[in-house]
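The values are calculated or read from the model by the stated rules, or taken from the named source; none is laboratory data. Owing to the predicted nature of the structure, the values given are computational and were not obtained by experimental measurement. Cβ atoms come from the backbone with ideal geometry, glycine included; neighbour counts cover every protein chain shown.
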Amino acid sequence: MSEGRYLWYIPNQARPGHRGDIVREDHNSLDTLTEQARAVERYGWDGALLGTGWARPDTFTVGAALAARTTRFQPLIAARPGYWHPANFAAATATLDHLSSGRTLINIVSGADSPGAYGDSVIDRPGRYERTREFLHVLRRLWTEESVTYSGKYYSLEDAKLGASTVTSGARRHPTLYFGGASIEAERVAAAEADVQLFWGETYDAISERITRLTSLSAEIGREHAPLEFGLRVTVVVRGTADEAWSVARQRVAAMQEEENAKAWREDHLHSVGQRRLVALGETADVLDDVLYTAPGQLGGQGAATTWLVGSYREVADALERYRTLGVSHFILSDTPYLQEVKSIGLNLLPLLK
């Protein structure tokens, strides 16, 4: 297992105020995004996840721009197979990896988006994940082989060669491939072709059970790569004392009760297996494992904001270390306001982990 990677989250949004962030008109300007990326560097983080979605600015373009304006920052660029052919994506990523001296990270996303808007016809879940497995397989081959000829259900290539090579160093042969998903289709993709399986904030027992299952599944399907690693993507609400952190968290949840979209969201979340798992936790108790706050998921919290780790810096550090003992070695944390919290958490929480 790797020593660990600590990443932040930089909002890549068309509209300001993401998840309670400070509203500013230039929130997605290059200068503002660069300010956030440089803060990630300054306060001890390895890099940051950049979200993806058809209604957002193009994530790959943002990641390339931020890599050019930083020196150590590692952009974790999220992308969907429906946006790209694997040969195009392999070429673009290898070029960016070369230009950034090996700082590129990739997060492949298979969740439903707006397929009609960009002409994607693969919309059923089994089809999306079957295509993703093929996408990842072709991507790895293009990065590691001089010439690739391939004929599959979704993609065909003949004597495909890249004009730029990914950076190799030690065991690193290409950018780390992150992947998320809780359905059996998603887990089979991760076990076969991902480098890191990302989890959202679940209980210790649930994460342990999933790691055991994915490890067994890797052996069952005959995984051909280095052992699958595991990551945690979660919101953290941390302060100097537990009382202060819980006060902030409960005030936020109280404000969420006034939002009109909560009911509509609760009906919509049923499309995601991972989202259903998180919401089900909240039907058990508001707080699990002492620091896992499930109430946000009952009121419209989505994705990594569905459950929060809440407590003092020491308490949340202990919780993250507990996840580490289970096998998690990659952590993607965030809270808002992003620019304020990247500094506060970087200065007060990261040293307790590293």
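Residue 107 meets each of the listed conditions (1) surrounded by 22 or more Cβ atoms within 10 Å (Cβ to Cβ); (2) over 17 Å from residue 231 (Cβ atoms); (3) touching a residue at least 60 places away in the same chain (Cβ under 8 Å) apart from (2). Cβ-Cβ under 7 Å, sequence separation 6+ or interchain: first residue in the stretch 155-183 and free of Cβ contacts under 8 Å to residues at least 24 places away in the same chain, partner surrounded by 14 or more Cβ atoms within 10 Å (Cβ to Cβ). Which pairs? Here the result reads 156/150, each pair linking the stretch 155-183 to a residue that is surrounded by 14 or more Cβ atoms within 10 Å (Cβ to Cβ). Screening residue 186 on (1) under 21 Å from the mean Cα position of the chain (by Cα); (2) surrounded by fewer than 22 Cβ atoms within 10 Å (Cβ to Cβ) shows it passes everything except condition (2). Of all residues in the stretch 195-219, those satisfying the criterion of being out of contact with any helix residue (DSSP H, G or I) (no Cβ under 8 Å at 6 or more places or on another chain) and either exposed (fewer than 13 other Cβ atoms within 10 Å of the Cβ) or within 24 Å of residue 172 (Cβ to Cβ) (or both) are 195, 196, 198, 205, 212, 215, 216, 219.
Looking at the stretch 270-280, can you tell me whether even one residue there is touching a residue at least 12 places away in the same chain (Cβ under 8 Å), over 28 Å from residue 46 (Cβ atoms) and under 17 Å from the mean Cα position of the chain (by Cα)? Yes, the stretch 270-280 contains a residue that is touching a residue at least 12 places away in the same chain (Cβ under 8 Å), over 28 Å from residue 46 (Cβ atoms) and under 17 Å from the mean Cα position of the chain (by Cα). Here the stretch 307-330 is the region considered, the condition is being more than 20 Å from residue 197 (Cα to Cα) and among the hydroxyl-bearing types (Ser, Thr, Tyr), and the residue that is surrounded by the most Cβ atoms within 10 Å (Cβ to Cβ) is 313.
I want to confirm something. Restricting to the stretch 272-319 and keeping residues that are of a type in the set (Val, Ile, Thr) and part of a helix (DSSP H, G or I), which single residue is nearest to residue 253 (Cα to Cα)?
Checked the stretch 272-319; the qualifying residue nearest to residue 253 (Cα to Cα) is 279.
One residue stands out among those in the stretch 184-203 that are of a type in the set (A, V, I, L, M, F, W, C) and free of Cβ contacts under 8 Å to residues at least 40 places away in the same chain: the one that is nearest to residue 49 (Cα to Cα), which is 190.
How many of the residues in the stretch 1-34 are assigned to a loop (DSSP other than H, G, I, E, B), charged (D, E, K, R) and under 24 Å from residue 103 (Cα atoms)?
Count: 1.
Set side by side, the residues 280, 304 differ, and just one is surrounded by 20 or more Cβ atoms within 10 Å (Cβ to Cβ) and either at pLDDT below 90 or not β-branched (Val, Ile, Thr) (or both), which is 304.
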